[in-house]
Amino acid sequence: MSSGPRYLRYLLFAAVGVTLFFFISRSAIPIPENIGTKINNYKDTLTSSSSSLSDSFGEKPPVAPQPQVPSGSAGASSDDRVNATFVTLARNRDVWEIARSIRQVEDRFNRNYHYDWVFLNDEPFDDTFKKITTALVSGTTHYGLIPTEHWSYPDWIDQDKAKSVREAMDAKKIIYGGSESYRHMCRYESGFFFRHPIMLNYEYYWRVEPSIELYCDVGFDPFRFMKDHNKKYSFVLSLYEYYDTIPTLWDSVKKFMTNHPEHVAEGNSMDFLSDDGGKTYNKCHFWSNFEIGSLEWLRSPEYLDYFESLDRDGGFFYERWGDAPVHSIAAGILLQKEQIHFFNEIAYYHVPFTHCPTSEQTRLDLKCSCNPSDNFDWKGYSCTSRFFQVNNLEKPAGYENQS
C-alpha cells in the first residue's frame, strides 16, 4: 500500500477524533436544571387555586445594588418584604399584553424581590393564561374568579335607563361611553377588588395593567417605602378627567361629606381637587392604571362608606364614573395630604401618557430608556404641578424645561 492512501486514512481518523471530542465536550457542559421544568411540572401545580414554580428554578438571584431611593427610604431586600402583591384585572385574551407588562415589572424590579401576583377575572382563567403568567412571575401567582354579585347590576339600577345612557354617550363618541363591561370594571376597581378573598391576605397592592412600560430600574422597594412612611396612596401620573363622564360625581361626593363629616380628614388635599374650597370639582385625578396603595385603607369604614354612598347614586351606570376620579377623590378627602405620594423615580407609560424623570442624573442612575421630552408631568393638561403646589414640594430638577 502506498504512503498516499495511508496518509489520507490518518487524516480521516484525526478528523473523526476531533469531531467526537467536540461533541463529547459539548455534552459535558451542564444544562441548567430549570430548562423546561416549569412546563413539565405545570400539570402538577395547576391543581391548587394558586401556583408557583419558583422552587424549580434553584436559588433566588442576588439582590441588585440599589442605585437610588426616595429621600428617607432605606431600601429593602427580598428578605425584608412587605405583605404586598401585584394585582391585575385581565381576561384570557389579554395574555400576551399582560405578559409584556410582567416582563417589564420583573426585569425592572420584582426579580430581586419575588412579590406575589394576583390575577382577577369575571370568568375562569384558562390553562394558557395560567401557564404563561406563572412562568414569568418570580413570586407566587394566584388566580381569582370575581363573584357575580361584584360584576353585575345592583338591584337599585334601572337597566333600561343605563342602556339609554350608553347609547347616548356612544353617539357622542365618548371613549368607552357605549361599553357595558367598562362600567362593570370601573365599579369593581372602585369598590370590590380589595375585598376578593385572595386580596384579604395582603396589606398593600401595586396595580399593573396590560401593555405598560417601566422605563427605569426601580432600585428600592416601593411597598417598604409606603409602609415605613405611612403612605396610603401613590401615583406617577395625574390629569384632568373628561367632564361628560362625571357630571354629577361631585354632587354625590358633597352629599357623602355632609352625611359623614367624621370621615373627612383634617389636613386633606381638597385644594388639589377644587379651586373654590370644595364647591366644585376641578376634575384633577390620579391616573389609577398605576397605583400603589394600602388595602387596609380601602377596607376601612371611611372608604367603604364613601363607595357605598357613591354606588347608591348610580353614576357608574347612569354616567360613566371611572375608578380613577373615584379613588383620587377618596384619597383627597379621606387621607391627610402627607399620606399621598408621587413616585418620581418610577418611569411609566400607559397609552397615551408617559412619566419620565426630568433629571438627567436620575435617568442615568436608574438606567432609564425613556425620552424626557415625552414626559407629561409639567404640561398643561397634567395636574402634577398642582399636587406639588398644594403640598409645598420642590419640583424635580429639569422640570422647567418641560413646562
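Observations on the model:
- Qualifying residue in region 123-131 (condition: under 18 Å from HIS196 (Cα atoms), open to solvent by 10 Å² or more (accessible area, probe 1.4 Å) and among the polar types (S, T, N, Q)): no
- Output for region 379-389, where each listed residue is surrounded by 13 or more Cβ atoms within 10 Å (Cβ to Cβ) and at pLDDT below 95: LYS379
- Sub-6 Å Cβ pairs linking a first residue in region 221-239 that is at negative phi and in contact (Cβ under 8 Å) with a residue 24 or more places away in the chain to a second residue that is open to solvent by less than 10 Å² (accessible area, probe 1.4 Å) and part of a helix (DSSP H, G or I), at least 6 apart or interchain, are TYR233/ALA331; SER238/THR384, ordered by first then second residue.
- Residue count for region 285-301, restricted to those that are outside any strand (DSSP E or B) and open to solvent by less than 10 Å² (accessible area, probe 1.4 Å): 4
- Check on THR362, among the β-branched types (Val, Ile, Thr), touching a residue at least 12 places away in the same chain (Cβ under 8 Å) and either in contact with a Pro (Cβ under 7 Å, 6 or more places away or on another chain) or outside any helix (DSSP H, G or I) (or both): no
- Residue match in region 264-272 (condition: open to solvent by less than 10 Å² (accessible area, probe 1.4 Å) and modelled with pLDDT of 95 or more): yes
- Members of region 376-389 found to be basic (Lys, Arg) and assigned to a helix (DSSP H, G or I), listed by number: ARG386
- Listed by first and then second residue, the pairs linking a residue in region 373-396 that is more than 14 Å from LEU237 (Cβ to Cβ) to a residue that is of a type in the set (Asp, Glu), with Cβ atoms under 6 Å apart and 6 or more places separating them unless they lie on different chains, are VAL390/ASP271.
- Count of region 365-375 residues which are crowded, with 17+ Cβ neighbours inside 10 Å and either in a helix (DSSP H, G or I) or touching a helix residue (DSSP H, G or I) at 6+ places or on another chain (Cβ under 8 Å) (or both): 3
- Odd one out for HIS327 among (1) open to solvent by 10 Å² or more (accessible area, probe 1.4 Å); (2) outside any loop (DSSP other than H, G, I, E, B): (1)
- Residues (within 20 Å of PRO222 (Cα to Cα), open to solvent by 10 Å² or more (accessible area, probe 1.4 Å) and part of a helix (DSSP H, G or I)) located in region 330-359: LYS337, GLU338, GLN339
- Taking the criterion of being in a strand (DSSP E or B) and either among the aliphatic types (A, V, I, L, M) or open to solvent by 30 Å² or more (accessible area, probe 1.4 Å) (or both), the residues of region 226-257 that qualify are LEU239, TYR240.
- Residues located in region 180-225, provided they are surrounded by fewer than 20 Cβ atoms within 10 Å (Cβ to Cβ), in contact with a helix residue (DSSP H, G or I) (Cβ under 7 Å, 6 or more places away or on another chain) and polar (S, T, N, Q): SER211
The values are calculated or read from the model by the stated rules, or taken from the named source; none is laboratory data. All values derive from a computational prediction rather than experimental measurement. All Cβ positions, even for glycine, are placed from backbone atoms using ideal geometry, and neighbour counts span all protein chains on display. Please note that ligands, DNA and RNA were not included when accessible areas were found on the heavy atoms of the full protein model with its side chains. Shrake-Rupley method; radii C 1.70, N 1.55, O 1.52, S 1.80 Å.
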